[in-house]
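Heads up: the structure comes next, in C-alpha cells.
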Amino acid sequence: MTEIRICHLYPKEMNIYGDRGNIAVIQKRLEWRGYSSSITPISTGDDFTPTNFDLCYLGGGQDRDQMIVAYDLQKKSAALHSAAKDGMVFLWVCGGIQLAGEGYTDSEGRRIPGVGILDLDTSAGKSRLIGDLVLDAELNGDTCKVVGYENHAGRTFLGPDATPLGSVLKGHGNNGIDRTEGAVQRRAIGTYMHGPILPKNPWLADKLLSWAIEHKTGKVPTLTPLDNSLENLAQQVAITRAGVKR
Amino acid sequence: MSNIALSLAKASGWISRTLGLGGGTTLPGMILLKLRPHALQEMAQELEEIIVISATNGKTTTARMVSHAANESEISFVANTSGANLSSGIATALLQRNPDEKFGIFEVDEAALPELIPQLRPTVLVLMNLFRDQLDRYGELETTIQKWKEMIESLPETTKLIINADDPALAYLGSLHQNVQFFGLELTDYGSETIPHAADSLHCQKCDSPLIFQQVTIGHLGHWECQNCELRRPNPSFTGDKINLKGLNGSEFIAASKKDSLEIQIPLAGIHNVYNALTAYATCSTIDISTRKIQKGLSTISAAFGRNEIINFDGIELIIMLAKNPAGANQNLKTLLLEEGNMHLAILLNDRTADGKDVSWIWDVDYEIILDRISSLTISGDRAYDLALRFHYSGFPATSMHIAPSIQELLEHLKSTIKIDGRAIVLPTYTSMLDLRAGLNKIGATHSFWEEK
Ligand SMILES: [Zn+2]
C-alpha cells in the first residue's frame, strides 16, 4: 500500500479554525481509495526534512502564537524552499498564507518575516474581514466553486509568480479590493478560507491528494471516484445561504 | 434618578412580555441605559455587596449555585436572569430590584466584563476560565486576556479577586492583584497527562515559553508550570479533592479551605460542574455563608436552562446538554461515556450571532469517543450539513445519520425512533436550544424561557 506522508506544522500553536478537519479529509479520502497515510507533527525547535513528506499543512493561529511560529519557521526556510522546488504539496491556511509569503507588517508597523514560498505580501488592515466566502476557483485549467469562511485582519497582495486560487463571488478574499482569493505557486496553495475548507470542497481536496500521490510515486494517479453527494449537498446549502446563485 | 426614565423602562418589560415579544429580561435595562447612561453605576451604588462572576464556561451555573446558597442563608439579593449577562440584562435586574435587596449576584459576559467592572465596582470578582469561543464575536482569546489584564490592573485593592489557579492565563492575571485567592482541583483520576488537541493558553503569559502539565482536567486547565521561568500554578486556598463523577446522576467531591472541609454533592454531571461547585464554595466562603448552608444550597440545585435539563416529550425523556464551544462539548461527551449502554443522540448546530457565525469548532470536538455508543444519530439546525460531514469524516456511515431540516421533523423522527420510556441525549447550540424549546413549548412539553428565574 502506498503511504502518503503528511507533515502537520505547529499543530499546537496553529489550530484555531478546526484545522483538524482538513487533515481528517485528506486522510479519509486517501484511505477510501486504498492509500495509507502518516501524520507527523512538527513543532517549534523540530527539524523539517524535505525528503520525508509529500504534503505539508499549516493552519491558523492567534497573533501571539503566529509570531512565535514565524520566527521558528525562519530556521526551516531553506528546507521548505527545497521541498517546494521538489514539488511537495503545501496547504497553508489563514495565518498560514501570511507566513508562506514574504512577510507581514502588523498594525504597529512591525515586520514579521515569512518564508517566501508564495510570492505575496501582507499588511494589517484597519478592520477584520469576516464572513462567508464563495469563489470561482481554478487549478490547472480546471474550475469549481469553493466555499468557506474568512476571519482575518491581513490584506494580502500577490506578486507576479503567484496566481490566485480563485475570484471572489461573495466575501472579501485576499484584500477586499481586487476580488482575488488565495495563492497558488507550483503545488503550494495558500488561502484565507477556513470552515475548515476541505470537507465541503472535495474537488480541492482531491487536487491536493492527486498532487501528493504524484509527488510520492512519480506518476499522475487516476483517483477512484467517491460518493460526494453529502459533500456536494453541504456545499450547495452553503452557497445558497451565502446568497450566491448557482 | 429621573422617575420618567425609570417608569418608562419598567413599563417596557411588562409591555414586551404582554405582547409576547420576548423575555423582557433585557429590554427595560436597554431603554434605561439609553435614557440615562450612568444608571448602572447609580443603581449599583445602592448595594452593599456585589459579586460578579465571569468565564467562558460555567458562569450561569455557578451564579445559580451562589444564589441558591445565599437563599439558604436568607440573604436578600438581586441577580440577573440566566443568559441576560450584558449591561442591559444587569440594568434590568437592578431596575426591578426590591429596595431591601442589598446583595447583587451577577454573571457577566466575558467580553462585556472590562467595561462593566468600573460601573458595578464589585466587592467580589470571580474569574473562572477563558476558553476559545466564537472567534467572530469575541476575537482571539489573547485579546480578551489583554483586556482582562488592564481591567485587573485598575481594580481597587479592596475588590476581592477569586481566580482559578488551574487556568494558566487567569492565574497569571491574579498574581497582578494584591487581594486575591485561588481555587483549583487536586490531582484526580479524571485528569489526564496530555493536553487535548486545540487547547488554548499553552504558552507562558510572562515569557512565551511552552507550559508543562502534570495534570489536565478540561482543555488547558490543570496543574501547570512554565518550562522556562518561575511562573507556575499558585497554591489554591480553596481545593476540590476526591472527585467522584456519577455520570448523569451527578458528582461529589471534598471542598476544603484553611478554615473547613466539607463533602459536596451536586445533582449535576461532569468535572466542569465540580469546578462550578468549587467556585461557588470559594465565593460563598468569601462572603461568610456557613458551610452547612453552602452544602445544602449546592445539593438542591437544579440544572440551569439547558444544562443537563430533562424535558418529558410524549413519554420520551430528552436530556438537554447545551454545547456551545469545544471545551463544553467535550465535557458533555465525557459525561455521556460514564453512562451505561448505547444512546439515541440528537445534535443541533446553528450559526446565529449568539452561537457564533464560525462553526469550525465542531472539528475540535472529539465525537470519535462516542461513535460506538450511538444507537441512532439525528442531526438538525441551520448548519446540519456541516455536522453531517463532521461525522462522515470521523468514519460514521452517512447512511446511519438522519438529517432533520426542522425542529418539528427532528421531534417526529425521535418519536418514531425511540420507544416510550426511552431517552434521547440532545446536544444543541444556544439558539438551536431556543428553537427546540419553542418547538416543545408549542406542543406543551415545556414552559417558556422567560418564566425561568
Ligand atoms: Zn515563563
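Mean partner shielding of peptide B:432-438, defined as the number of other chain Cβ atoms within 10 Å of each residue Cβ, is 0. Around the amide H of B:GLY83, modelled in the peptide plane, lies no amide H under 5 Å away from a residue 5 or more places distant or on another chain. For chain A, modelled as a GNM whose springs connect Cα atoms under 10 angstrom apart, the maximal fluctuation among A:THR122, A:THR224, A:THR191 occurs at A:THR224.
Taking A:GLY182, A:GLY171, A:GLY59 in turn, the Gaussian network model of chain A (Cα-Cα springs below 10 Å) assigns the largest fluctuation to A:GLY171. Using C-alpha pairs below 8 Å separated by at least 6 residues, the relative contact order for chain A is 19 percent.
Computed with every protein chain present, the accessible area of A:SER107 is close to 100 Å² [probe 1.4 Å]. In a DSSP loop and with at most 15 other Cβ atoms within 10 Å, the chymotrypsin sites (Phe, Trp or Tyr not before Pro) in the range A:1-106 are A:TRP32. The simple Förster model, with R0 at 51 Å and r as the Cβ-Cβ distance, assigns B:ARG373 and A:LEU223 a FRET efficiency of 0.90. Counting only other chain Cβ atoms within 10 Å of each residue's Cβ, the peptide B:390-396 averages 5. Computed over neighbours whose Cβ is under 11 Å from that of B:LYS415, the net charge equals -2, Lys and Arg +1, Asp and Glu -1. Would you mind classifying the range A:3-241 by shape? Square roots of the alpha carbon gyration tensor eigenvalues, ordered a ≥ b ≥ c; an a/c under 1.5 is rounded, otherwise it is prolate if a/b is larger than b/c and oblate if not. In terms of gyration-tensor shape, oblate. Taking Cβ atoms as reference points and 14 Å as the exclusive limit, the residues near A:ASN228 contribute a net charge of +3, counting Lys and Arg as +1 and Asp and Glu as -1.
Surface analysis of the protein assembly as shown yields an accessible area of 39 Å² per residue, using protein heavy atoms and a 1.4 Å probe. Applying both filters, DSSP loop and at most 10 other Cβ atoms within 10 Å, to the trypsin sites (Lys or Arg not before Pro) of the range B:402-436 gives B:LYS419.
Quick check on the range B:353-429: take the gyration tensor over C-alpha atoms, sort the square-rooted eigenvalues as a ≥ b ≥ c, and tell me if it's rounded (a/c under 1.5), prolate or oblate. The shape class here is oblate.
Beta bridges per DSSP, both residues in the protein assembly as shown: antiparallel share near 45 percent. Ligands, DNA and RNA left out, the 1.4 Å accessible surface of the range B:362-411 is 51% carbon and sulfur atoms. When accessible surface is computed with a 1.4 Å probe, chains A and B are found to bury approximately 3000 Å² between them, both chains counted. Here the dipole of the range B:280-386 is about 580 debye; that uses its Cα centre as origin and unit charges on the Cβ of Lys and Arg (positive) and Asp and Glu (negative). Surface composition of the range B:206-339: carbon and sulfur make up 45 percent of the accessible area, probe 1.4 Å. Shielding by partners for peptide A:59-68, expressed as the average number of C-beta atoms from other protein chains within 10 Å of each residue's C-beta, is 4. Local charge for B:LEU221 was computed over the other residues whose Cβ lies under 9 Å away, with Lys and Arg +1 and Asp and Glu -1, and equals -2. Taking each DSSP H run with n ≥ 4 as -39500 (n - 2.57) and averaging over every residue of chain B yields -10000 deg cm²/dmol at 222 nm. Using the rule -39500 (n - 2.57) for each DSSP H run of four or more residues, divided by the residues of chain A, the 222 nm mean residue ellipticity is -9500 deg cm²/dmol. Between the listed residues A:ALA234, A:GLN185, A:MET88, the Cα displaced farthest toward the positive end of the dipole of the range A:3-241, a dipole computed from Cβ unit charges relative to the Cα centre, is found at A:ALA234.
The candidates A:MET14, B:MET30, B:MET401, arranged from most to least accessible area with a 1.4 Å probe in the full protein assembly, appear as B:MET30, B:MET401, A:MET14. In the context of the full protein assembly, B:LEU27 retains an accessible surface of approximately 60 Å², using a probe radius of 1.4 Å and ignoring ligands and nucleic acids. Between A:GLY87, A:GLY101, A:GLY60, the Gaussian network model of chain A with springs among Cα atoms under 10 angstrom shows the greatest mean-square fluctuation at A:GLY87.
The values are calculated or read from the model by the stated rules, or taken from the named source; none is laboratory data. This one's a predicted model, so the numbers in the text were calculated from it and none came from an experiment. Here Cβ is always computed from backbone atoms with ideal geometry, including for glycine, and neighbour counts include all displayed protein chains. Accessible surface areas use protein heavy atoms only, side chains included; no ligands, DNA or RNA. Shrake-Rupley method; radii C 1.70, N 1.55, O 1.52, S 1.80 Å.
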